[in-house]
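Some notes on the structure that comes next.
The values are calculated or read from the model by the stated rules, or taken from the named source; none is laboratory data. Keep in mind that this is a model prediction, so the values were computed, not measured. Virtual Cβ from ideal backbone geometry, glycine too; neighbours counted across all protein chains shown. Just so you know, the surface numbers come from the protein's heavy atoms only, side chains and all, with ligands and any DNA or RNA stripped out. Shrake-Rupley method; radii C 1.70, N 1.55, O 1.52, S 1.80 Å.
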Amino acid sequence: GRGLAEQVVRAALEHARAMAARGYSVDVMLRFYRIGHAYFTERILAKLNDVVPDPALAMAVAADLQRYGFAYVDRISSEVAAEYVAELDRMQNRVRAARTDAVRGLIAGDQIDLQRAERTLSHRLTGWQTAFVCWTDREDVDLARVGTTVGSHLGTPHPLLVPDGGQALWGWVSTAEAPELARDDLTSLVERIPKTVRISVGT
């Protein structure tokens with residue numbers, strides 16, 4: 001009945017959220033439904049003749065059940081995929097908020113648990129810190145990619161990046177020694193950055 005159908009959908013959406021939280025890909029999640037559909041079809045075909053002896057009627061029943069099965073998988077896969085993406089967005093928003101709070105607290109000089117902050121930021125805070133800010137007037141620039149390029153130039157392929165709105169980005173690089181920031185050395189970096197982006201780098 002309707003109540004059972006709603007319970008099935010709720011369970012499917014909970015499963016989608018759990019799969020997202022555990023880091024599984026959306027393809028792995030949807031594979032459950034493809035395998036389930038195949039199993040459902042195999043079991044029906046194996047037992048149908050025992051339940052419906054008339055071959056013509058059995059064929060009609062099989063066709064109806066296949067249409068039902070396909071319609072269910074088609075509907076539920078769309079819903080669970082959308083819920084999976086929504087859960088990923090919620091998780092990423094929580095992570096971004098925690099990272100931004102940690103960075104603002106560090107900048108403000110608040111008393112912060114260093115190890116906890118490093119875990120939150122996935123960034124070493126005990127090394128030499130080089131900061132940079134990227135900004136642009138354009139909305140079609142991938143500032144995260146620009147930040148990764150800057151970070152790689154300064155010594156790490158995984159800099160700490162914190163968006164400041166849609167058109168600015170803060171970044172930090174942690175290195176064992178002070179990076180080279182001479183004008184000649186930065187020229188090669190400038191050549192790899194879109195002309196519409198401005199960058200300020202400092203120690």
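Residues that are under 20 Å from the mean Cα position of the chain (by Cα) number at least 1 in the following strands (runs of 3 or more DSSP E) confined to the stretch 99-177: 160-163, 168-175. Within the stretch 1-39, which residues are small (Gly, Ala, Ser) and either within 18 Å of the chain's Cα centre (by Cα) or surrounded by 14 or more Cβ atoms within 10 Å (Cβ to Cβ) (or both)? Correct list: Ala12, Ala16, Ala18, Ala20, Ala21, Gly23, Ser25, Gly36. Applying the set (1) over 27 Å from Arg119 (Cβ atoms); (2) open to solvent by less than 40 Å² (accessible area, probe 1.4 Å); (3) touching a residue at least 12 places away in the same chain (Cβ under 8 Å); (4) in contact with a Leu (Cβ under 8 Å, 6 or more places away or on another chain) to Ala58 leaves exactly one unmet item: (3).
Within the stretch 29-55, the set of residues being touching a helix residue (DSSP H, G or I) at 6+ places or on another chain (Cβ under 7 Å) and either under 28 Å from Met91 (Cα atoms) or not in a helix (DSSP H, G or I) (or both) comprises Met29, Leu30, Tyr33, Val52. In the stretch 84-104, the qualifying residues are those that are of a type in the set (Lys, Arg) and either closer than 22 Å to Ala18 by Cβ or in contact with a helix residue (DSSP H, G or I) (Cβ under 8 Å, 6 or more places away or on another chain) (or both), and the one that is most open to solvent (accessible area, probe 1.4 Å) is Arg94. Inside the stretch 158-187, residues that are within 16 Å of Phe132 (Cα to Cα) and at pLDDT below 85 make up a count of 10. Residue-level check: of (1) open to solvent by 100 Å² or more (accessible area, probe 1.4 Å); (2) farther than 30 Å from Gly171 by Cα; (3) among the charged types (D, E, K, R), Glu79 misses just (1).
Whether any residue in the stretch 54-66 is out of contact with any Ser or Thr (no Cβ under 6 Å at 6 or more places or on another chain) and charged (D, E, K, R) is what I want to check. Yes, the stretch 54-66 contains a residue that is out of contact with any Ser or Thr (no Cβ under 6 Å at 6 or more places or on another chain) and charged (D, E, K, R).
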